[in-house]
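Data first, discussion second: the structure below is written as structure tokens.
The values are calculated or read from the model by the stated rules, or taken from the named source; none is laboratory data. Computed from a predicted model, the values in this text were never measured in an experiment. FYI the Cβ positions are ideal-geometry reconstructions off the backbone, even for glycines, and counts take in every protein chain you see. Each accessible area value is taken on the protein alone, full model and side chains, heavy atoms only, with ligands, DNA and RNA left out. Shrake-Rupley method; radii C 1.70, N 1.55, O 1.52, S 1.80 Å.
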Amino acid sequence: MTDTYFFELSGEHPSMPAAEALACVRAESPPDDVIGHVSGPGYALLRFDGNVFGNVTERIALTQKAGRHLGSFDIGETDRFRNITIPEGTFAVRARRFEGMMRDIDSQDLVRKLGGVLSRSNDVSLKEPDTEVRIFMSDKIHIFLCDADIDRSSFEKRKVAERPFFSPISIHPKFARASINLTCVKKGDTVLDPFCGTGGIIMEAASMGMRVIASDLDECMVTGCIENMEHYHLRLHDSDVLDIGDVPGRFGEVDAVVTDPPYGRSASTDGEDIVSLHRRAAVSVGRSLKKDGKAVMVLPYELGTDAAEYGMKKDNVFVQRVHRSLSRHYHVLSRT
């Protein structure tokens, strides 16, 4: 049954969380489904078949809560709360103000107003309610049922310092997972990381049920990646010590490539200039993708308008500032 769902985003990036939510829905929905989507400060509204809702929220990384949308109202429209209905059982109303928006509005007053309407037909239970009703204060007052409270604690268990083999140069597991999701890859599809390092990206892909392949020029990294996969009881389908130019011939075409290549002198490039390495990497990524396959390449700068020369189209770029001298550019690329 098609319904509209509200995604309360993490706020860890201005645009990537909404794009990830849409990509997860597209990955889990039948190919011909039409998905309605609107996003705003701190949220995404997506209309899709509710049968895939559980699969979507199970894989998502940059969303905190999600559920059926009950309505969106301007500040002067709180009298319309009377039209809101919820399932049978007890309830609690909770509110969140996104990044200081609607400062002049008393959030607890909204909670009382909505709670007063809902208590006409349902009993209140603040400790263990059957239904949590969320008020999200952003560009409007958005109200939704909290059908999924996303458990993101597993990302902390797989972050760099918790791995038996680690390097400090690694993206956080939640952004590794978001990068995978941006490719719309499905469970059982093959994901390749040709600069696997300690295995952060493929660990996330394997934990979502993807078939994973890892390679790196540095044998020590490949060995450490295998050690990390075994530590977390995750299956590695294939691996090898390879130069990036040899990757397509060794593994053939895959459904998705997600990779975070070396950025500078501290990384192992075998003496090769970084820009030259990244260009060769882009060529190999394009050759490694199946028709209609997608890739995410994380680079310290934005690729120019020449993505076509690598056999790919640039769908989107998300910039994440790490510190004063480094910003990561998450390139979402499609094979042309």
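Tally time: how many residues in region 136-171 are at pLDDT 95 or above and open to solvent by 50 Å² or more (accessible area, probe 1.4 Å)?
Residues in region 136-171 being at pLDDT 95 or above and open to solvent by 50 Å² or more (accessible area, probe 1.4 Å): 4 in total.
Name the pairs whose Cβ atoms lie under 9 Å apart, with the first residue in region 236-251 and farther than 19 Å from G224 by Cα, the second open to solvent by 60 Å² or more (accessible area, probe 1.4 Å) and assigned to a strand (DSSP E or B), and 6 or more positions between them or separate chains?
Matching pairs, first to second residue: none at all.
Determine, yes or no, whether S179 is open to solvent by less than 50 Å² (accessible area, probe 1.4 Å), more than 19 Å from N55 (Cα to Cα) and touching a residue at least 60 places away in the same chain (Cβ under 8 Å).
Taking the combined requirement at face value, the residue does not satisfy it.
Please determine whether any residue of region 104-125 is modelled with pLDDT under 95 and not acidic (D, E).
no
Give me the strands (runs of 3 or more DSSP E) completely within region 1-105, filtered to those with at least 2 residues that are among the hydrophobic types (A, V, I, L, M, F, W, C) and surrounded by 14 or more Cβ atoms within 10 Å (Cβ to Cβ), ordered by residue number.
Values: elements: 2-9, 36-40, 43-49, 63-73, 91-97.
Ranges flagged: 2-9, 43-49, 63-73, 91-97.
Is one or more of the residues making up region 198-213 touching a helix residue (DSSP H, G or I) at 6+ places or on another chain (Cβ under 7 Å) and modelled with pLDDT under 95?
Yes, region 198-213 contains at least one residue that is touching a helix residue (DSSP H, G or I) at 6+ places or on another chain (Cβ under 7 Å) and modelled with pLDDT under 95.
Just one of R97, R103 is in contact with a Phe, Trp or Tyr (Cβ under 9 Å, 6 or more places away or on another chain), under 27 Å from S10 (Cβ atoms) and not β-branched (V, I, T); which is it?
On the way: R103 fails: in contact with a Phe, Trp or Tyr (Cβ under 9 Å, 6 or more places away or on another chain).
It is R97.
Take region 184-208 and flag every residue that is closer than 13 Å to A27 by Cα and open to solvent by 10 Å² or more (accessible area, probe 1.4 Å).
C184, K186, K187, G188, D189, M208
Please determine, by comparing only the residues of region 235-249 that are over 11 Å from I213 (Cα atoms) and out of contact with any helix residue (DSSP H, G or I) (no Cβ under 7 Å at 6 or more places or on another chain), which one is least open to solvent (accessible area, probe 1.4 Å).
D243
Name the residue, out of D240, D246, D260, that is modelled with pLDDT of 95 or more and under 29 Å from H13 (Cα atoms).
Sole residue among the options that is modelled with pLDDT of 95 or more and under 29 Å from H13 (Cα atoms): D260.
Rundown of residues vs (1) farther than 21 Å from H331 by Cα; (2) basic (K, R); (3) outside any loop (DSSP other than H, G, I, E, B), yes/no style:
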residue	(1), (2), (3)
R134	yes, yes, yes
S154	yes, no, yes
P164	yes, no, no
K174	no, yes, yes
R177	no, yes, yes
K187	yes, yes, no
V191	no, no, yes
C196	no, no, no
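T223: polar (S, T, N, Q), over 19 Å from A27 (Cβ atoms) and surrounded by fewer than 19 Cβ atoms within 10 Å (Cβ to Cβ), yes or no?
The answer is yes for T223.
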